[in-house]
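To start, the structure itself, in structure tokens.
Nothing in this text is a laboratory measurement; each read-out follows from the coordinates by a stated rule. None of the values given here were measured: they were computed from a predicted structure. All Cβ positions, glycine included, derive from the backbone under ideal geometry; neighbour counts span all protein chains shown.
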Amino acid sequence: MEALVRESGLGWTIVRPSGLFGLPQATNYVAGETDPVGAFTARIDLADYLVRLAQDGTARRKTVVVSTTEHAPTVWEMIRREACKSDVPRRAERVTVATTRRSQ
């Protein structure tokens, strides 16, 4: 897919964030033509960087990364966050729904 973008003749920038997570405000993240520094990128850091790229155009025709280095969770914390989300149905709720559907 990236090859298609590169060969398109358009002005492009490919941005590669790490695993996304939420923070209330932007941090001192690492971004640019560099290796990823961490496993995660705060959504607000990604948004901040995208706005900056749109304003200055310095990364035109480049592939860049965004890595959050402050307040980033550990892999275990991310797994726990995803597993404990309130919008994810609990196993018992899924079983009840499945059982109800079968009996109808």
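Of everything in the range 1-25, what is in contact with a strand residue (DSSP E or B) (Cβ under 8 Å, 6 or more places away or on another chain), hydroxyl-bearing (Ser, Thr, Tyr) and under 17 Å from ARG60 (Cα atoms)? Give them in sequence order.
THR13
Conditions (1) closer than 23 Å to LYS85 by Cα; (2) hydrophobic (A, V, I, L, M, F, W, C); (3) surrounded by 17 or more Cβ atoms within 10 Å (Cβ to Cβ), marked per residue:
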| residue | (1), (2), (3) |
| --- | --- |
| SER18 | yes, no, yes |
| ALA42 | yes, yes, yes |
| THR63 | no, no, no |
| THR69 | no, no, no |
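Tally up the residues in the range 32-80 that are closer than 19 Å to VAL5 by Cβ, assigned to a strand (DSSP E or B) and not charged (D, E, K, R), please. Spell out the reasoning first.
First, pick out the residues of the range 32-80 that are closer than 19 Å to VAL5 by Cβ: 32-33, 46, 49-50, 53-54, 57-66.
Add one more test, that the residue is assigned to a strand (DSSP E or B), and what stays is 32, 62-66.
Those still in the list that are not charged (D, E, K, R) too: 32, 63-66.
Result for the range 32-80: 5.
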